[in-house]
Structures are given as C-alpha cells and as structure tokens.
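What follows is a single structure, written as structure tokens, with notes after it.
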Amino acid sequence: MNLGIAIADFTQPGGPAGIARHVGRLARTTEEFGFTRIAVMDHLFQIGIVGAPEQEMLEAYTTLGYLAASTERVELLALVTSAGYRAPGLLAKMITTLDVLSEGRAALGIGVGAGFNITEARGLGLPFPPVAERFERLEETLRICLQMWSDDEKPFDGRYYRLERTLNSPKTVRRPHPPILIGGSGERKTLRLVAEYGDACNLFHGPDLQHKLDVLRGHCDRVGRNYDEIEKTVLLPLDPGARGENIPALLTELRRLKRIGIDHVIGPVRGADQHAALQLLGERVVPEALRI
C-alpha cells in the first residue's frame with residue numbers, strides 16, 4: 001500500500017511570509033519518509049472542511065511548480081483539477097511543463113469540480129456551467145490532452161473546444177504520457193470516464209467503497225478495459241494523533257482497503273502540528289503500509 005499526502009492547509013502563524021518555508025519543509029519531509037505522492041487542491045478559496053474561505057489558499061499549478069523544485073522523487077498532481085477553470089490546450093501544456101521540469105513526475109488529476117466550487121468560480125469570474133455540461137467539457141478535455149500527448153497535431157473540433165493545431169513541444173518526459181487520475185465517485189458518468197480514459201481513479205472513503213469498485217469493474221467490462229490496470233486510490237485523512245494513538249486503527253483500515261483492492265491512499269495530514277504528524281506517519285505508518 002502506497003501513501004501520499006495532500007497539502008490543504010496553508011495558514012501559518014507568521015502569515016503569508018511563512019507559507020513557502022512551511023510548504024517546502026512538508027514536501028521534503030514527505031519525500032524523506034517514503035511517501036510516493038504530493039497532491040494539492042485546485043481551489044482558490046479555502047474549503048469549509050479546512051477553514052473559512054478567507055484563509056490562505058494557493059493556486060494549484062504554481063504550487064506544484066514550487067514543489068517540483070523542492071523535491072526529487074515524489075509524483076506531483078492536483079487532486080483534482082477543475083476541468084472548466086483552464087482551457088484544455090493550456091492545461092495539457094501546463095502538465096507537460098510540470099512533467100518536464102520535474103523530470104517525469106507529473107500526473108493529471110482531474111474532475112468536473114464539485115458543487116461548492118461555484119462560490120469561488122463566481123467570486124473570481126471563472127466559468128462554472130451546469131453539471132451536465134461540465135461532464136461533457138471534462139470528456140473533451142481528456143481527449144484533447146491525450147491527443148496533445150501523442151504525435152497527432154491535427155485540429156480538434158469538439159462541441160465546446162476547437163483547437164487548430166494540437167502541437168505540444170517539448171514532449172512529456174513520462175511516456176507514453178503523464179498518468180490521468182480521474183477523481184469522483186459518480187456511478188453513471190465519472191466511473192465510466194475512468195474506464196475509458198483513466199489510468200487511476202480517486203474515490204471518497206466511505207461504506208460504499210466496495211460498491212463503487214464493483215461499478216467501475218462493470219464499466220470496464222462494457223468498454224473492454226482491463227480493470228486491473230487502473231490504479232485505485234482513496235482520499236482518507238491521515239491523523240496519527242498527538243502521540244501516535246490513532247496509528248493502530250489507521251493501519252487496520254489500510255489493511256482493509258488493500259484487501260478490497262485499493263492501491264494508494266492519499267490524504268491531508270491532520271493535527272495541530274502538521275510537521276510532527278507527518279514525521280509520526282513517516283516513522284510508524286509508511287514502513288508498515290509498504291508491507292501490506
């Protein structure tokens with residue numbers, strides 16, 4: 001079982017001047033202790049589960065560029081990119097740039113954007129169409145990214161997007177392309193897109209997780225996709241407790257997740273001191289998880 005972290009809380013006692021040091025230290029500690037991924041949210045206002053909208057939130061891809069320069073081994077991604085916030089051709093170029101400058105460590109995490117994004121979208125004047133259109137735009141975005149990461153430079157003429165030449169130079173370092181992780185648990189559309197386009201899925205941790213995996217398997221059967229070649233990831237907060245008191249229960253849950261077919265757990269590090277919590281996880285959870 002692999003573990004990754006999601007950096008979600010950027011608020012520091014010293015204000016904005018301390019954020020860079022905080023994030024860089026988290027990234028280096030993550031890599032030192034054998035975590036395999038670092039993810040950031042694609043939000044522009046802080047989300048309610050973490051804090052008030054006015055709390056500090058960094059733009060995802062600028063942050064990932066900084067993380068690329070701060071690390072050497074971990075995979076880097078947004079969990080997950082809101083497909084409508086950036087034109088698809090630009091997004092493909094951004095992921096390519098991240099991949100080249102990180103020497104092959106970028107992934108595209110993408111989804112339609114959950115409903116609460118509408119506040120930040122309207123606040124900053126970003127597009128946020130109805131959910132059905134967002135799914136259609138997401139599928140066109142996936143097709144455009146895959147075309148740009150191939151040798152095909154022909155025009156793309158879709159319902160929502162038209163690209164006259166899908167040139168992408170330089171090519172990605174990661175071959176055949178950065179892996180595509182599609183986030184969300186929607187049974188009819190999201191998991192169908194995973195089966196058709198995804199290298200990985202990201203599901204919410206909950207009692208219906210086994211059912212969601214069964215639904216994904218069914219979509220794979222219908223489109224002729226090998227279910228086993230899709231990486232299954234779960235979003236699960238990682239809270240070791242102040243003195244490690246939560247670690248036995250966390251390891252028990254990781255073993256259960258592995259038994260039902262989860263390959264990778266990604267989660268925000270919880271606790272008053274994120275650095276101390278990350279060190280506890282690195283010392284006492286990561287080595288055990290790798291043996292699961």
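Per-structure values
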{"item": "Odd one out for Ile144, checked against (1) under 21 Å from the mean Cα position of the chain (by Cα); (2) more than 20 Å from Met41 (Cα to Cα); (3) not in a helix (DSSP H, G or I)", "result": "(3)"}
{"item": "Filter pass, Leu203 being surrounded by 20 or more Cβ atoms within 10 Å (Cβ to Cβ) and either of a type in the set (A, V, I, L, M, F, W, C) or out of contact with any strand residue (DSSP E or B) (no Cβ under 9 Å at 6 or more places or on another chain) (or both)", "result": "yes"}
{"item": "Answer residue from segment 1-17, given it is in contact (Cβ under 8 Å) with a residue 12 or more places away in the chain and small (Gly, Ala, Ser) and is nearest to Phe45 (Cα to Cα) among those", "result": "Ala8"}
{"item": "Residues that are farther than 23 Å from Glu120 by Cα and not basic (Lys, Arg), drawn from segment 73-91", "result": "Val74, Glu75, Leu76"}
{"item": "Index of the failed condition, Leu216 passing every other in (1) modelled with pLDDT of 95 or more; (2) more than 21 Å from the chain's Cα centre (by Cα); (3) aliphatic (A, V, I, L, M)", "result": "(2)"}
{"item": "Among residues of segment 180-208, those that are within 11 Å of the chain's Cα centre (by Cα) and either among the basic types (Lys, Arg) or at positive phi (or both), counted", "result": "1"}
{"item": "Segment 112-125: number of residues that are out of contact with any Lys or Arg (no Cβ under 9 Å at 6 or more places or on another chain) and surrounded by 20 or more Cβ atoms within 10 Å (Cβ to Cβ)", "result": "2"}
{"item": "Every residue from segment 206-240 that is in contact with a strand residue (DSSP E or B) (Cβ under 8 Å, 6 or more places away or on another chain), more than 21 Å from Ala114 (Cα to Cα) and either open to solvent by less than 10 Å² (accessible area, probe 1.4 Å) or hydroxyl-bearing (Ser, Thr, Tyr) (or both)", "result": "Ile230, Leu238"}
{"item": "Check on Lys154, farther than 28 Å from Ile262 by Cα and either out of contact with any Asp or Glu (no Cβ under 9 Å at 6 or more places or on another chain) or in a helix (DSSP H, G or I) (or both)", "result": "yes"}
{"item": "Unique match (being of a type outside the set (Gly, Ala, Ser), open to solvent by less than 40 Å² (accessible area, probe 1.4 Å) and farther than 23 Å from Ala107 by Cβ) among Gln46, Gln55, Gln12", "result": "Gln46"}
{"item": "Test: residue in segment 86-95 that is farther than 20 Å from Ala39 by Cβ, without any contact (Cβ under 8 Å) to a residue 40 or more places away in the chain and out of contact with any Leu (no Cβ under 7 Å at 6 or more places or on another chain)", "result": "yes"}
{"item": "Cross-chain or 6+ apart pairs with Cβ under 9 Å, segment 236-257 first and among the β-branched types (Val, Ile, Thr), then surrounded by 18 or more Cβ atoms within 10 Å (Cβ to Cβ)", "result": "Ile247/Pro240; Ile247/Leu280; Ile247/Leu281; Ile247/Val285"}
{"item": "Unique match (being on the phi < 0 side of the Ramachandran plot, open to solvent by less than 20 Å² (accessible area, probe 1.4 Å) and within 12 Å of the chain's Cα centre (by Cα)) among Leu77, Leu67", "result": "Leu77"}
{"item": "Matching residues, segment 192-212, being more than 25 Å from His177 (Cβ to Cβ) and either in contact (Cβ under 8 Å) with a residue 60 or more places away in the chain or in contact with a helix residue (DSSP H, G or I) (Cβ under 9 Å, 6 or more places away or on another chain) (or both)", "result": "Phe204, His205, Gly206, Leu209, Lys212"}
{"item": "In segment 254-292, the residues that are farther than 18 Å from Ala27 by Cβ, open to solvent by less than 40 Å² (accessible area, probe 1.4 Å) and part of a helix (DSSP H, G or I)", "result": "Leu254, Leu257, Ala289"}
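The values are calculated or read from the model by the stated rules, or taken from the named source; none is laboratory data. Since the model is a prediction, treat every value here as computed from it, not as a measurement. Cβ coordinates were reconstructed from backbone atoms using ideal geometry, including for glycine residues, and neighbour counts include every protein chain displayed. With ligands, DNA and RNA removed, areas are computed over all heavy atoms of the protein, side chains included. Shrake-Rupley method; radii C 1.70, N 1.55, O 1.52, S 1.80 Å.
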